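The values are calculated or read from the model by the stated rules, or taken from the named source; none is laboratory data. Source: prediction; values computed, not measured. Every residue, glycine as well, gets a Cβ built from its backbone with ideal geometry; the counts of neighbours run over all protein chains shown. Just the protein is used for accessible areas: all its heavy atoms, side chains included, with ligands, DNA and RNA removed. Shrake-Rupley method; radii C 1.70, N 1.55, O 1.52, S 1.80 Å.
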Amino acid sequence: MAGNSQRRNRRTSNKKGMQVGSGGQRRRGLEGRGPTPPAEDRKKHKKNRMATAKAKQAASRRPAPRRGGAKGTSEMVVGRNPVFEALRDGVPATTLYVQQYIDNDERVREALQLAGQRGNINLMEAPRPELDRMTNGLNHQGLVLQVPPYEYAEPQDLTAAAYDNGEDPLIVALDGVTDPRNLGAIVRSVSAFGGHGVVVPERRAAGMTAGAWKSSAGTAARTPVSRVTNLTRALEAYKKEGITVVGLAADGEHTVEDLEALGGPVVIVIGSEGKGLGRLVGETCDYRVRISMPGGAESLNAGVAAGIVMYEVARRRA
């Protein structure tokens, strides 16, 4: 009898079913854990490790941003001489594409040498059809340089930099200047005469392209450029900060050498050669000044005019 009792107890203890105090663990275990995640999302899976490695590699090649505002668009410089000149003049670049089996002449060797000296430019070999596709059929001559998007400053960043240095803001704003070479030349003048930056409109105006970088002779790396959606509003915001807005116009009521306001915090507004200042921008200016020209010329190149006014401001501040 004792043996029968023990066998019954063993059968009872091994019986399947809910146990007292289990808290429904078996029921939750039957509910499942949802669909299986993709291989790339599973931490220990080979595909996950490969995807992570690729992401880290791409991040390490990504150029560091220059400014804290909106970004422009990327650009391609094509052709052996343009690519060489861009690399020589310090135009920022991320990748130099070289055609497979290219005729390795002196200009190609010089471009490769300059790219190698930078240390942060990827060198990529590509077949001619791929370069044709990238450049929309332009005559690239086997060399294509990718220029990253320029990262523009915010308008208030320019005045903040001046105040941080204990200086009166000196800013140049451009109204309708569409030639990137003029923009680059103005950036160069602003840098030479101690200015704090340049403001350009978002539409119908030149931006910081490779051509502007080249014309700036490297000064674009240390002179911020801000891009605004509405130039008039940007000028009004500067006026609220106590900064005088001075527009350059052929029929200005004052001459550059006579306007005392140029000695204080100032934004100098320069219009296009043909049309000059727009109506709303001109009405926003506190003063309109002209450059005396005894020779009788009607107007000056925007870059030249900016240099003259910037020199006068620097002279007054010296």
Going through (1) assigned to a helix (DSSP H, G or I); (2) open to solvent by less than 20 Å² (accessible area, probe 1.4 Å); (3) touching a strand residue (DSSP E or B) at 6+ places or on another chain (Cβ under 7 Å) one by one, K239 fails only at (2)
Identify all residues within the stretch 206-219 that are within 16 Å of the chain's Cα centre (by Cα) and assigned to a loop (DSSP other than H, G, I, E, B); write none if there are none.
-> A206, G207, M208, T209, S216, G218
From the list R88, R66, which residue is among the basic types (K, R) and at pLDDT 60 or above?
-> R88
Residues being surrounded by 13 or more Cβ atoms within 10 Å (Cβ to Cβ), farther than 30 Å from P201 by Cβ and touching a residue at least 60 places away in the same chain (Cβ under 8 Å): count how many of those fall in the stretch 99-143.
-> 4
Please go through the stretch 144-165 and pick out each residue that is open to solvent by less than 20 Å² (accessible area, probe 1.4 Å), assigned to a strand (DSSP E or B) and out of contact with any Lys or Arg (no Cβ under 6 Å at 6 or more places or on another chain).
-> V144, L145, V147
